[in-house]
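Everything on this sheet refers to the single structure shown next.
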Amino acid sequence: MSALPKIGIVGTGRMGANIARRLKDVGYTIAALYDVNRSSCEETARDTGGEITDSLPRVTELSDVIITVVSDDAAMYQIFSGAGALLDGAKGRIFVNCATVTPSVHVDIERVAEAAGAQSLEACMASSIPQARNGTLYLMVGGKREAFERVRPMLEKMSASLKYIGEAGRAAQVKALVNMVMNINTAGLAEGLGLGNALGLDLDMLREVFSQTGANSRVLETDGLDMQNRDHDCYFSAEHAAKDSGIALSLAEDEDLRLPLAQATFEQFELMKRLGLGGLDKSGVSELTFPNRHAQHLTART
């Protein structure tokens, strides 16, 4: 593309909205905004411009590249399936799908997009809201190499690190493994800090020791102090963590593998949901491991 493509955004939650703001800042025209929550579109549009629409085909009509950031497999199939979906009039368009969904969903979306004369990529994000806003995401991309090269300049403006993984579904597999290991680390750190707290140890000291030993992790850097302070502003919810661990477990089942740690972590985040804690940041697993009012629920499970 010689001129910068016009961008449509489907899903203007915190990640989608901040991707839109970033692309607007670096010179892209945000042509269309769509979300089932219209107020989130209105808030985003104040910063980015763009037509707010309740019509998915209208997003496609106005845009050259459509970035989708939706919640789960069902939402992905809904926006791409049937009449009144994104693929109406989609010839020549390219869809960049950023949600964490089952890898086979990306394979299906690529197939139906190509049948409509369009192209599709998965651009899996291993970062959070500030990185989306600042253009410093870690992006893992899957799909046809030609489609990747077509939007590479845009993806470079969104990311600090950009890695092409391979064919459709492959980047989503890697993302599932990233989130699985991250979730295990999160639960392990919360339990370590929880035990340290129960023993009466100074948690500032404990985190410093962790950081200089084999207990160090990226999760310690990003979530450790929040766990200690019970500060659970929600950047990545326990509900989403459970979904992502579930995707990895499904992949393992397909390969006839047992992953006990991933299974236990999945169950822990599912428990948070049942206790009404699903809106907490994933670091809120410390609410289950530090001595607190939910201890009886853990006792009941053991």
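The values are calculated or read from the model by the stated rules, or taken from the named source; none is laboratory data. Please read these numbers as outputs of a predicted model, since none were measured by experiment. Note that we place each Cβ from the backbone using ideal geometry, even for glycine, and neighbour counts take in every protein chain shown.
Odds and ends about this structure:
- Hits in the range 116-145 - residues which are modelled with pLDDT of 95 or more, closer than 27 Å to L251 by Cα and surrounded by fewer than 20 Cβ atoms within 10 Å (Cβ to Cβ): Y138, K144, R145
- Condition check for A20: over 21 Å from the mean Cα position of the chain (by Cα) and touching a residue at least 12 places away in the same chain (Cβ under 8 Å): no
- So G49, is it in contact with a strand residue (DSSP E or B) (Cβ under 9 Å, 6 or more places away or on another chain), surrounded by fewer than 21 Cβ atoms within 10 Å (Cβ to Cβ) and at positive phi: yes
- Taking each residue of the range 264-275 that is touching a residue at least 40 places away in the same chain (Cβ under 8 Å) and under 14 Å from G246 (Cα atoms) and looking for partners that are of a type in the set (V, I, T) and surrounded by fewer than 17 Cβ atoms within 10 Å (Cβ to Cβ) with beta-carbon atoms closer than 8 Å, six or more apart or interchain, yields nothing.
Yes or no, residue by residue, for (1) at pLDDT below 95; (2) outside the structural domain of G246 (by TED's automatic domain parsing); (3) in contact with a Leu (Cβ under 9 Å, 6 or more places away or on another chain):
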{"position": "T68", "(1), (2), (3)": "no, yes, yes"}
{"position": "S71", "(1), (2), (3)": "yes, yes, no"}
{"position": "M76", "(1), (2), (3)": "no, yes, no"}
{"position": "F80", "(1), (2), (3)": "no, yes, yes"}
{"position": "A85", "(1), (2), (3)": "no, yes, yes"}
{"position": "A90", "(1), (2), (3)": "no, yes, no"}
{"position": "C98", "(1), (2), (3)": "no, yes, yes"}
{"position": "S104", "(1), (2), (3)": "no, yes, no"}
{"position": "V107", "(1), (2), (3)": "no, yes, no"}
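- Subset of the range 47-66 (residues that are assigned to a loop (DSSP other than H, G, I, E, B) and out of contact with any Phe, Trp or Tyr (no Cβ under 9 Å at 6 or more places or on another chain)): G49, G50, S63, D64
- Contact map, the range 138-155: residues that are in the same structural domain as G92 (by TED's automatic domain parsing) paired with residues that are crowded, with 22+ Cβ neighbours inside 10 Å and part of a loop (DSSP other than H, G, I, E, B), Cβ distance under 8 Å, separation 6+ or inter-chain. Pairs shown: G142/A168; G143/A168; K144/A168.
- Candidate set from the range 72-90 (those that are in contact (Cβ under 8 Å) with a residue 60 or more places away in the chain and closer than 21 Å to I30 by Cα); member that is nearest to the chain's Cα centre (by Cα): I79
- From V141, V151, residue being closer than 15 Å to C98 by Cβ and in contact with a helix residue (DSSP H, G or I) (Cβ under 9 Å, 6 or more places away or on another chain): V141
- Within the range 165-176, residues that are part of a strand (DSSP E or B) sit with their Cβ atoms under 7 Å from residues that are of a type in the set (G, A, S) and crowded, with 22+ Cβ neighbours inside 10 Å, at 6+ positions apart or across chains, in these pairs: I165/G142; I165/A171; G166/G142.
- Top-ranked residue of the range 21-46 - restricted to ones that are assigned to a helix (DSSP H, G or I) and among the aliphatic types (A, V, I, L, M), ranked as surrounded by the fewest Cβ atoms within 10 Å (Cβ to Cβ): A45
- Of everything in the range 67-95 that is among the polar types (S, T, N, Q) and not in a loop (DSSP other than H, G, I, E, B), the residue that is nearest to G13 (Cα to Cα) is T68.
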